[in-house]
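Values in this text are rule-based calculations from the coordinates and carry no lab data. Note that the structure is a prediction, hence the values are computed from the model and not measured. Glycine also receives a Cβ, built like all others from the backbone with ideal geometry; neighbour counts cover every protein chain displayed.
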């Protein structure tokens, strides 16, 4: 089966990009992949090119939607895929329209929950734009998309509600991480990373996320003074690229006088090492589709304190992490303090986290779920006509595979 993946870019930094890389690199022997990106940079396509995966990159950016559609259309005509698989809104739009022009089936991935009220609340200026995007997204989902994959039940439920698509068209297959790539959270690794970072023996709260309103780092900053009353030597470390929240974080840190207790590392490629050296992973997001960094923390058995939102409840609820009401800085501070205290309870939760990871989010299991999905899509496409029709419901029936349950990849929405 030939699959053309359409995505905004592949810098290897965001969760959807990391997941795409894992899917393509670990299933290249079983499927013929190609990748089309909408932006000329930043992209890290060398790993794909090394194994002979065709990569289609535009020569210039900023030319608008029509240029993106033409670019994806050209890639479809050159590669001749059996299926176009899209991720993220810009690529969804260009990929769906370009595939319709060539009458190629399309499957879209739901990787976030972008239409919850918290999105507009975090940035009121986006409210009207978001409503327009949802209308376009919903129309294309209902009329120019054959099936859907969601990274979590939360993402699937969100799409069914807001895009008004049928549940039978969505299969939930989580995006996982490699146990081998993550490594182990050993005392030796912890000490080595701490020496390199100059952290010494200080209690470390780690957040890995871009500095955007969605990620809720301002709640962490507001909660930190209360944590410092309990553990004065605590250091909050934020790893992620600068964004719309960066200036606000600067001001909050300055106003609270906690500059010596906060370290911002920017974009890092050694996230697994940082997680191995931390004492607790903090993830106070307003909304998520899954949360790739949280999956990695789960796999390393790092205690997690996170917002009680559907995707994170699904991810860590059974593993014994701490879930706190979104935006409740007092509850956030209390949970962080409890996690930093350590002891038998924290050890129990860490073991539960690793078990949850192995059960659902280890990469091989998730890849098996994706390969099963592609096989089901291929069988159904062979059985049905390839001619594009404008219809109200997608043609693919992506219900559960035999033996699936709530805790396994491949379940339906």
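Per-residue counts of other Cβ atoms within 10 Å, averaged by peptide: what ranking do you get for 138-146, 292-300, highest first? Before the final figure, lay out each step's value.
Values: 138-146: 19.8, 292-300: 26.1.
The packing order, highest mean first, is 292-300, 138-146.
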message: Suppose the chain between residue 328 and residue 51 were pulled fully straight at 0.36 nm per residue; how much longer would it get relative to their current alpha carbon spacing?
response: 95.0 nm
- prompt: Between residue 189 and residue 351, 0.36 nm times their residue separation minus their Cα-Cα distance comes to what?
  reply: 56.5 nm
Pairwise FRET efficiency - residue 242 versus residue 120, Cβ, R0 = 25 Å, nearest 0.05: 0.65
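Can you compute the FRET efficiency between residue 66 and residue 103 using 1/(1 + (r/R0)^6), with r the Cβ-Cβ distance and R0 = 25 Å? Round to the nearest 0.05. Before the final figure, lay out each step's value.
Details: r = 20 Å, r/R0 = 0.79.
Efficiency for this residue pair is about 0.80.
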field: Rounded to 10°, Cα long-axis angle of helix 363-383 versus longest principal axis of the chain
entry: 20
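Could you line up 376, 279 from fewest to most neighbouring Cβ atoms inside 10 Å?
Numbers: 376 18, 279 21.
Starting with the residue having the fewest Cβ neighbours, the order is 376, 279.
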query: Fewest to most neighbouring Cβ within 10 Å: what's the order for 51, 309?
result: 51, 309
- request: Just grab the label-to-label distance for residue 231 and residue 308, each label 7 Å out from Cα along the Cβ direction, in nm (one decimal).
  value: 2.2
statement: Per-residue ellipticity at 222 nm attributable to helices in the chain (runs of n ≥ 4 DSSP H, -39500 (n - 2.57) apiece, nearest 500 deg cm²/dmol) works out to -14000 deg cm²/dmol
task: Enter the angle in degrees (range 0 to 90, nearest 10) between the Cα long axis of helix 127-143 and the first principal axis of the Cα atoms of the chain, meaning the one along which they spread out most.
output: 40
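At a 10 angstrom cut-off on C-beta neighbours, averaged per residue, how do the peptides 35-47, 253-265 rank from highest to lowest? Walk me through the numbers on the way to the answer.
Values: 35-47: 17.5, 253-265: 14.2.
Most protected by this proxy first, the peptides run 35-47, 253-265.
When you count, for each residue, the other Cβ atoms within 10 Å and take the mean per peptide, how do 211-222, 332-343 rank with the highest first? Provide the component values of the computation, followed by the final result.
On the way: 211-222: 22.4, 332-343: 19.8.
In decreasing order of mean packing, 211-222, 332-343 become 211-222, 332-343.
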task: Extending each Cα 7 Å along its Cβ direction at residue 180 and residue 139, get the distance between those two points in nm, one decimal.
output: 4.7
Spin-label zone in region 275-300 - amide nitrogen under 16 Å from a point set 7 Å from the Cα of residue 201 along the C-beta vector: 279
